[in-house]
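The values are calculated or read from the model by the stated rules, or taken from the named source; none is laboratory data. Because the structure is predicted, anything quoted here is derived from the model rather than measured. Cβ atoms come from the backbone with ideal geometry, glycine included; neighbour counts cover every protein chain shown.
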Amino acid sequence: MTSFFALLALSSSAAEIRVETYDHVRVLVDDTPIPLVTESHAARATDLVAGEHVVSIVTKAGELLANRRFSLSVEQKLRLAWIDDTLVLTRTEEPEPDPLGGAGIAPSNSFSLDRSVGGLGLVSPGPYAMPQTDFDTLRRELERLEYRTKKLDRVQAESGSYFTMKQLSALLKQFEFSDDKLDVARMLAGHVVDPENVRELDEQFNFSTTRDEVRQLFQ
């Protein structure tokens, strides 16, 4: 699993985006490359106007790894995690007026992904997806189970965990029959952190009617 944490912050006078990452990828904000400061492992875009900005992560060769649009207000701070090649919003901090007329930053809980079309937003408190190392262990356990009923029971035992859509697709691959795949999708429909990527599951179902039913689960 490749992961990093990105901190997006707006100053009181102008918007600022700060991305903490590794030196094997490049950061773009609104299609403009942002230099990485090696000592701090951070890329910083300053003097941005408040509003919508697109943050992209690409390889040194220019291959797009992640691309998300954010609408930011003055002094708002967002924290992202790159989980399984997906930028996931894990924390936000909103400005909070103080009695002396200034503004402070009030930390809040983690947030889940925006389910609407057009990018990421702050909607409701949401948890992290299962770490990839833990997911790999779960997948190996399923591969060792011979009977479909045992596999379904094992997935049911993890119904309180959260997954990325790519992880859910990998779980569906453990089942041969479409009905079992659909049961798993129903079981975990409320436990996927990036439901807007539901088309990741299309290849798991042969019939368009079933694919449509699955998409309805994640709306």
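Just so you know, in the stretch 47-61 the residues that are in a loop (DSSP other than H, G, I, E, B) and loosely packed, with under 12 Cβ neighbours inside 10 Å include one that is modelled with the lowest pLDDT, and it is V49. Here Q167 passes the criteria (1) closer than 26 Å to N67 by Cβ; (2) free of Cβ contacts under 8 Å to residues at least 40 places away in the same chain; (3) within 16 Å of the chain's Cα centre (by Cα) except the one numbered (2). Within the stretch 183-197, the presence of a residue that is surrounded by fewer than 18 Cβ atoms within 10 Å (Cβ to Cβ), farther than 30 Å from S71 by Cβ and without any contact (Cβ under 8 Å) to a residue 24 or more places away in the chain is excluded.
Conditions (1) out of contact with any Asp or Glu (no Cβ under 9 Å at 6 or more places or on another chain); (2) part of a helix (DSSP H, G or I); (3) closer than 20 Å to Q132 by Cβ; (4) modelled with pLDDT of 90 or more, marked per residue:
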site	(1), (2), (3), (4)
F175	no, no, no, yes
D180	yes, yes, no, yes
D183	yes, yes, no, yes
L188	no, yes, yes, yes
N197	yes, yes, yes, no
D202	yes, yes, no, yes
T210	yes, yes, no, yes
R215	no, yes, no, yes
Q219	yes, no, no, no
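Among (1) farther than 19 Å from L138 by Cα; (2) at pLDDT below 90, there is one condition E158 misses while meeting the rest; what is its number? In the conditions (1) farther than 19 Å from L138 by Cα; (2) at pLDDT below 90, E158 misses (1) alone.
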